[in-house]
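Participant: The structure is given below, and queries will be raised subsequently.
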Amino acid sequence: MTYCLHPQCQRPENPPDTKFCLNCGSPLLLKERYRAIKLIGAGGFGRTFLGVDEDRLKTPCAIKQFFPQTQNSAALSKATELFNREAVQLLKLGEHPQIPTLYAYFEQDKRLYLIQEFIDGGNLWQELQQQGAFSEAKIWQLLRELLPVLQFIHENGVIHRDIKPENILRRQLRHQTPTSVSAAGQLREALVLVDFGVAKQGTQSELAESGTITGTQGYAPLEQIWRGQVYPASDLYSLAVTCVHLLTAVPPHELFNPQAGEWIWWQVLRQKGGSVSDELRQILDKMLAEAVKDRYQSAAAVLQAVDGGYSQTMTQVSLPVTQPPIPPGTAIVHRHGFAIAYPQHPQPKQQQGSPQPDEISKLLETVKSELSQTQPKQPASPPSPSPTAKSPQSTPKSPAFDPIQAELEAMKAEFGEKS
C-alpha cells in the first residue's frame, strides 16, 4: 500500500507503486524516492509514517511530517524550531548504532519532512504495559546499554532533555551480525534513544544559562523544569526516574514524597513485595539527588559504578549451590570413585601409642562391606597348565592382591589405627 501524505485526503490508502493519489491527485513520492506505506504515529504537530526508500532497494525508513494543528503563532514558531533542531542534532551526532540515523531533511508542498532510520521495535513504556515491572537484572542491563549513549551525546555537547520510557526503543534484532553480537554471544545495542527534538546543544556555560523550559513532568529535574538549565547530570536524573518507574510499575509522581522532599521508590517497591540490591539502590539514589552537585557528574562516572555494582550483585545472585554444606569436623576421602565423609571427632589427649576408639573399626568394616558389593566379579580360574608347564611347587606363589584389604589398610594408616 502507498499512503497519501496530504493532510486533508479522505481516502489516503492507494495500491502499491502508485505515483499519484487516486483520491486527491497529490504526488505520493517525496523527492521522487521516499514512499509512505503506513501511518504509525500522530500528534499535535505532525505525523510519522513507515516508509521505503525507492532509491535504496526499498530500504525501510521513518518519515516524519511536520503538520502543526495550531493557530497560535508562538506555539507554531516553537514547534518549528524543535522540528528543525531534531534534524540538526541527528546530523551532528552522525551515525551511532543506538541513535536513529538521519537520511534527509527537506521541505515539500510547504510542509517539512525528516527522513530517518526506522527502528523496528516498541518502546519501554509499551514493554512495561505488556510484561509488567522490570527485574533488577533488566535495569542493570538498561543502564549498561544506555549510559554509553549518553556519554557519547554529552561529549558531543548535546543534552537530550527528555529521557523517559517512551523515548527508549528496544530494537528487534532479527538478523544477527558480527556488530550485533558480543564476544559472549549476547545480542547488544538493542536499546535505541530517540526524539532529539528538545535536545539542547552548546557549551557547558551556555547550557547552564536560563533557556526554554522543556522535558516531561515527573522525569525532568528541578533545574530543568524551573529555570530551563540543563547539565549532563540532568539527563542522568531522568534516566534514574525511568529506571525506578520500570522497576516499580508506578508513575514517577507516586514515587516522590513532596512533604519530605525525597524519593520513596524503594519503599514502594518493598510494599509491592519487590526488592533490589543495595548496590543498585545507592546508584539510583545518587542519580536522583535534588542538587546537581550531589549527583554523578558524567555518564562515565555512573557507568564505572554500574560495572562494579553489576559484577558484585550478579556474582552473588548467580552462584550455584553444588552440594549441601559439609558439617564442620568432617573429612572427605575419595576412594574408588566414591566421596566418603568420615566424622572427625575431637580426639582426647592420650598417651602416645594408645589405640583409637572402636568406632573407627566399625566404620571401616561398614565401608569394606559396601565396597565389596561394588567390586567386579573375579574372572574364572584359568585352565589347568599343560604337562610341560612348571609345577606350582617349583615357584612359590605370591599371595593374591586384595584391593579392599589394601584400601582398608590405607584408611587405617590415615586415621591412625594400628593393625
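The values are calculated or read from the model by the stated rules, or taken from the named source; none is laboratory data. Values in this document were obtained by computation on a predicted structure and should not be read as measured data. Reconstructed Cβ throughout: ideal geometry from the backbone, glycine too, with neighbour counts over all protein chains shown. Accessible surface areas use protein heavy atoms only, side chains included; no ligands, DNA or RNA. Shrake-Rupley method; radii C 1.70, N 1.55, O 1.52, S 1.80 Å.
Participant: Report every pair of residues separated by at least 6 positions or lying on different chains whose Cβ atoms are under 7 Å apart, first residue within the range 271-290 and under 17 Å from R144 (Cα atoms), second hydroxyl-bearing (S, T, Y).
Facilitator: Once the first residue is under 17 Å from R144 (Cα atoms) and sits in the range 271-290, its partners that are hydroxyl-bearing (S, T, Y) give S277/T313; E279/T313; L280/T313; K286/Y296; M287/Y237; M287/Y296.
Participant: Looking only at the range 27-78, which residues are in a strand (DSSP E or B) and acidic (D, E)? Outline the logic, then answer.
Facilitator: Just the residues of the range 27-78 that are in a strand (DSSP E or B), to begin with: 27, 29-30, 34-42, 46-53, 59-66.
The answer is D53, and nothing else.
Participant: In the range 92-146, what residues are of a type in the set (A, V, I, L, M) and within 18 Å of the chain's Cα centre (by Cα)?
Facilitator: Across the range 92-146, the qualifying residues are I99, L124, L128, A133, A137, I139, L142, L143, L146.
Participant: Got a number for residues in the range 87-111 being over 15 Å from D195 (Cβ atoms), modelled with pLDDT of 90 or more and open to solvent by less than 30 Å² (accessible area, probe 1.4 Å)?
Facilitator: 2
Participant: Do the conditions hold for I37, that is, is it of a type in the set (V, I, T), under 37 Å from the mean Cα position of the chain (by Cα) and open to solvent by less than 30 Å² (accessible area, probe 1.4 Å)? Steps first, answer last, please.
Facilitator: Numbers: of a type in the set (V, I, T): yes; under 37 Å from the mean Cα position of the chain (by Cα): yes; open to solvent by less than 30 Å² (accessible area, probe 1.4 Å): no.
So I37 does not fit the description; no.
Participant: Let me ask something else. Filter the range 100-134 down to the residues that are over 28 Å from S26 (Cβ atoms), touching a strand residue (DSSP E or B) at 6+ places or on another chain (Cβ under 6 Å) and among the aliphatic types (A, V, I, L, M) and list them by number.
Facilitator: L124, the sole residue that qualifies.
Participant: Looking only at the range 285-297, which residues are crowded, with 17+ Cβ neighbours inside 10 Å, more than 13 Å from E262 (Cβ to Cβ) and out of contact with any Phe, Trp or Tyr (no Cβ under 7 Å at 6 or more places or on another chain)?
Facilitator: Correct list: Y296 only.
Participant: Being at pLDDT 85 or above, of a type outside the set (K, R) and either under 19 Å from the mean Cα position of the chain (by Cα) or open to solvent by 10 Å² or more (accessible area, probe 1.4 Å) (or both): is that true of E166 here?
Facilitator: Values: at pLDDT 85 or above: yes; of a type outside the set (K, R): yes; either under 19 Å from the mean Cα position of the chain (by Cα) or open to solvent by 10 Å² or more (accessible area, probe 1.4 Å) (or both): yes.
The answer is yes for E166.
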